[in-house]
Structure formats: C-alpha cells, structure tokens
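Reading through the structure tokens given below for one structure.
The values are calculated or read from the model by the stated rules, or taken from the named source; none is laboratory data. Every value quoted in this text rests on a predicted model; they were computed, and no experiment measured them. Here the Cβ is made from the backbone with ideal geometry for all residues, glycine too, and neighbour counts use every protein chain on show. In case anyone asks, the SASA skips ligands and DNA or RNA and just uses the protein heavy atoms, side chains included. Shrake-Rupley method; radii C 1.70, N 1.55, O 1.52, S 1.80 Å.
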Amino acid sequence: MSEKLFRRLLLLVALSFSAVFAVLIIPPLLANPDIIAAAAGGFVNPFAAGYATDVILCWVVLAIWVIFERQRYQIRGGWLALVLGVVPGVAVGFALYLLMRQRQLKGSGIV
C-alpha cells in the first residue's frame, strides 16, 4: 500500500465515523443532554457492553501508546488524538494519531 493511499484511507475512516456519529448520536443527545445516561446506554445488553468495553480499552491502549511515544520519539499533539478519541470516538483519535505520528517521524528522519 502506498503512503498516499494509507493517509487517504485513515482520513476516510475518521471522516466516515464522524459523519455516523453526527447522524446517530448528536440528535438524541440534543433531545436529552444527559451525558451520563448516554454513556451508560452503551451497556444496555451484554453485546453492547462487550463492544463498549472494547472501545474504552482501545482508548486506554491509544493513551498508553501516545504517552510512550511522546517520551521515546517526542511525538507532539497526542493529547488532541486522546480528546478526539473520546468525542467523536477512538476511530477518529486513532486515525489522527497515526497521521500525526507518520508526519513527525518522517520529518525527524526516523522513518
């Protein structure tokens, strides 16, 4: 896979998830702005709870990676990926982090 295709696919995933998030989550949240109830809604049945737990732990893995690479490779801006990993979601934060990481590592001569 070319680097250009890699970047475009990551951007496509991030934008696609953001669009789905906007369509599915924002209208009910505007109707009932109870964020705690909205978060708890991810645990309404065992299947949803499994997926919700996976997403939460994927965000934790991303956070560990961001912190590690900030110290090891001086990757900057990881905090933005972590914030976007909460809202709209890990798919956006993770994709953004990979794009930022690639750009910074390429500029530093590591990659």
P(r) weight above 12 Å for the stretch 1-55, C-alpha pairs, percent
73
Relative contact order, percent, the chain [alpha-carbon distance under 8 Å, six or more residues apart]:
31
Determine the share of the stretch 48-111's accessible area contributed by carbon and sulfur atoms, expressed in whole percent, with a 1.4 angstrom probe.
70
The chain - mean residue ellipticity at 222 nm from DSSP helices (-39,500 (n - 2.57) per run, n ≥ 4, rounded to 500):
-26500 deg cm²/dmol
Accessible area per residue for the chain in Å², computed with a 1.4 Å probe and the full protein assembly in place, what is it?
70
Using a simple charge model, +1 on the beta-carbon of Lys and Arg, -1 on the beta-carbon of Asp and Glu, nothing else, what dipole does the chain show about its Cα centre, in debye to the nearest 20?
620
Which loop-located trypsin sites (Lys or Arg not before Pro) does the stretch 45-111 contain, where loop means any DSSP state but H, G, I, E or B and the Cβ has at most 12 other Cβ atoms within 10 Å?
76
In µm²/s, what is D for the chain at 25 °C and 0.890 mPa s, where D = kT/(6 pi eta Rh) by Stokes-Einstein and Rh is the Kirkwood radius from Cα pairs?
160
